[in-house]
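J.: Let me give you the structure first, and then I'll get to my questions.
The values are calculated or read from the model by the stated rules, or taken from the named source; none is laboratory data. Worth saying up front: this structure is predicted, and the values here are computed from it rather than measured. Cβ coordinates were reconstructed from backbone atoms using ideal geometry, including for glycine residues, and neighbour counts include every protein chain displayed.
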């Protein structure tokens, strides 16, 4: 199918929407949600309510706004359908779950979760909302699985403020690692095949998250802050993890290349040693060093409960699986209006993000399908006589 043809594109979109339309009881809501997704997929540069309405031929944005704030439908159930579709079309027993977050700069103080907090997108404290995301990475593709808006304690301690933003009464304060674990456990309950979990140091610094992943029988490769101490050797001496990495002999560092950047091959030096962490139930595990090349190398550290006979190249490849999810978020912001929302309520934020995830997943699965067909076609061509 040539998706450059408008009729083919429309047919494929309508077919994909069939599995999601069932989550809307009213046909009007169903049609408006479909229009919302169509607008997100359009090529207009800004994708707030009025621009989306214009892109899909509506006279005003009121119908689309009702989909976000006034109608009845369960965004959580739809994200479950997204996970099911990803599992059906991309799932692999060696799948990697990637935890990441993204900030959205917002004015005012009424929108759910908005607060002066660190915004990774701009690299500083700012008045913003922060979403925690779970992505899925395989050897050939990547997709979103879930998301949740983070609520700082200044919000959860102020129930009147929460009620005004329609935050569920039963929702108390959750750290970002706790949010991440809840999303992981939901995906595992639903049968998403995910052997590995990856996250940056905000998540890797959490012994509770590391222990929980291990208890579920999964492996993690989590970034670790430089201020931690590890136990080494039979004497269980405590040493700074950075000092331990610096003590690894030069002969044990391997230069590995996994992907290309705009400037050419992206290579790092890698090494790993066995350590124990004071607050982990795992026992001995891998402390992994990732070092940039050059005269003044920068060092990143990772921790993994993977088996002791796993190749270093496998650990490094899993660690770098964070990059595809970072790219997914940037794609969704630049192409699908992820950051263009104008909503105040808790449920409306999740509804917008769910429809963005749905739209993005459809595009990624189309790409995945086309890659699979090209690979199969090439294999046929290479078969002898």
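J.: For residue 307, which of the numbered conditions (1) surrounded by 14 or more Cβ atoms within 10 Å (Cβ to Cβ); (2) closer than 22 Å to residue 245 by Cα; (3) modelled with pLDDT of 95 or more fails to hold?
T.: Every listed condition holds for residue 307 apart from (1).
J.: Can you tell me which residue among 343, 356 is touching a helix residue (DSSP H, G or I) at 6+ places or on another chain (Cβ under 7 Å), closer than 20 Å to residue 46 by Cβ and either at pLDDT 95 or above or not in a loop (DSSP other than H, G, I, E, B) (or both)?
T.: Details: 343 fails: either at pLDDT 95 or above or not in a loop (DSSP other than H, G, I, E, B) (or both).
Step by step, each of 343, 356 is checked, and only 356 is touching a helix residue (DSSP H, G or I) at 6+ places or on another chain (Cβ under 7 Å), closer than 20 Å to residue 46 by Cβ and either at pLDDT 95 or above or not in a loop (DSSP other than H, G, I, E, B) (or both).
J.: May I pose another question? Residues of the stretch 122-142 being assigned to a loop (DSSP other than H, G, I, E, B), more than 16 Å from residue 324 (Cα to Cα) and in contact (Cβ under 8 Å) with a residue 12 or more places away in the chain, which ones? Outline the logic, then answer.
T.: First pass over the stretch 122-142, keeping only residues assigned to a loop (DSSP other than H, G, I, E, B): 122-123, 138-141.
Checking the rest, the ones that are also more than 16 Å from residue 324 (Cα to Cα) come to 122-123.
Residue satisfying the conditions is 122 alone.
J.: Taking the conditions exactly as written (more than 13 Å from the chain's Cα centre (by Cα) and surrounded by 22 or more Cβ atoms within 10 Å (Cβ to Cβ)), does residue 317 satisfy them or not? Break it down stepwise before answering.
T.: Details: more than 13 Å from the chain's Cα centre (by Cα): yes; surrounded by 22 or more Cβ atoms within 10 Å (Cβ to Cβ): no.
The answer is no for residue 317.
J.: Here's another thing I want to ask about it. Report yes if residue 273 is surrounded by fewer than 20 Cβ atoms within 10 Å (Cβ to Cβ) and closer than 16 Å to residue 226 by Cβ, otherwise no.
T.: Details: surrounded by fewer than 20 Cβ atoms within 10 Å (Cβ to Cβ): yes; closer than 16 Å to residue 226 by Cβ: yes.
Yes.
J.: Among the residues in the stretch 339-347, are any under 25 Å from residue 94 (Cα atoms) and in contact with a strand residue (DSSP E or B) (Cβ under 6 Å, 6 or more places away or on another chain)? Outline the logic, then answer.
T.: We begin by selecting, within the stretch 339-347, every residue under 25 Å from residue 94 (Cα atoms); these are none.
For the stretch 339-347, residues under 25 Å from residue 94 (Cα atoms) and in contact with a strand residue (DSSP E or B) (Cβ under 6 Å, 6 or more places away or on another chain): absent.
J.: I've got another one for you. Just to be sure before I move on: is residue 348 within 28 Å of residue 216 (Cα to Cα), surrounded by 16 or more Cβ atoms within 10 Å (Cβ to Cβ) and more than 15 Å from the chain's Cα centre (by Cα) in the structure I sent? Steps first, answer last, please.
T.: Working: within 28 Å of residue 216 (Cα to Cα): no; surrounded by 16 or more Cβ atoms within 10 Å (Cβ to Cβ): yes; more than 15 Å from the chain's Cα centre (by Cα): yes.
No, not satisfied.
J.: Might you let me know whether the stretch 73-86 holds any residue that is modelled with pLDDT under 95 and assigned to a helix (DSSP H, G or I)?
T.: For the stretch 73-86, residues modelled with pLDDT under 95 and assigned to a helix (DSSP H, G or I): absent.
J.: Restricting attention to the stretch 156-175, which residues are over 23 Å from residue 70 (Cα atoms) and out of contact with any helix residue (DSSP H, G or I) (no Cβ under 6 Å at 6 or more places or on another chain)? Before the answer, list the steps.
T.: At the first step, the residues of the stretch 156-175 found to be over 23 Å from residue 70 (Cα atoms) are 156-158, 172-175.
Scanning the stretch 156-175 gives 156, 157, 158, 174, 175.
J.: Inspect all residues belonging to the stretch 325-334 and state whether any of them is more than 30 Å from residue 211 (Cβ to Cβ) and either free of Cβ contacts under 8 Å to residues at least 24 places away in the same chain or assigned to a loop (DSSP other than H, G, I, E, B) (or both).
T.: yes
J.: What are the pairs, 6+ residues apart or on separate chains, where a residue within the stretch 167-180 that is over 10 Å from residue 132 (Cβ atoms) has its Cβ under 7 Å from a residue that is assigned to a loop (DSSP other than H, G, I, E, B)?
T.: 167/112; 167/151; 173/151
J.: Collect the residues in the stretch 20-32 that are surrounded by 18 or more Cβ atoms within 10 Å (Cβ to Cβ) and either within 23 Å of the chain's Cα centre (by Cα) or free of Cβ contacts under 8 Å to residues at least 40 places away in the same chain (or both), keeping them in residue-number order.
T.: Of everything in the stretch 20-32, those that are surrounded by 18 or more Cβ atoms within 10 Å (Cβ to Cβ) and either within 23 Å of the chain's Cα centre (by Cα) or free of Cβ contacts under 8 Å to residues at least 40 places away in the same chain (or both) turn out to be 20, 30, 32.
J.: If I ask for residues that are more than 21 Å from residue 334 (Cα to Cα), at pLDDT 95 or above, touching a helix residue (DSSP H, G or I) at 6+ places or on another chain (Cβ under 7 Å) and not in a loop (DSSP other than H, G, I, E, B), which ones from the stretch 87-114 would you list?
T.: 96, 97
J.: Another question about this same structure. Within the stretch 125-154, can you find the residues that are more than 20 Å from residue 80 (Cβ to Cβ) and in contact with a strand residue (DSSP E or B) (Cβ under 7 Å, 6 or more places away or on another chain)?
T.: Passing the criteria: 125, 126, 127, 128, 129, 130, 150, 152, 154.
To keep it simple, each residue is scored yes or no on (1) surrounded by 17 or more Cβ atoms within 10 Å (Cβ to Cβ); (2) at pLDDT below 95.
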residue: 186; (1), (2): yes, no
residue: 191; (1), (2): no, no
residue: 219; (1), (2): yes, no
residue: 239; (1), (2): no, yes
residue: 257; (1), (2): no, yes
residue: 267; (1), (2): no, yes
residue: 281; (1), (2): no, yes
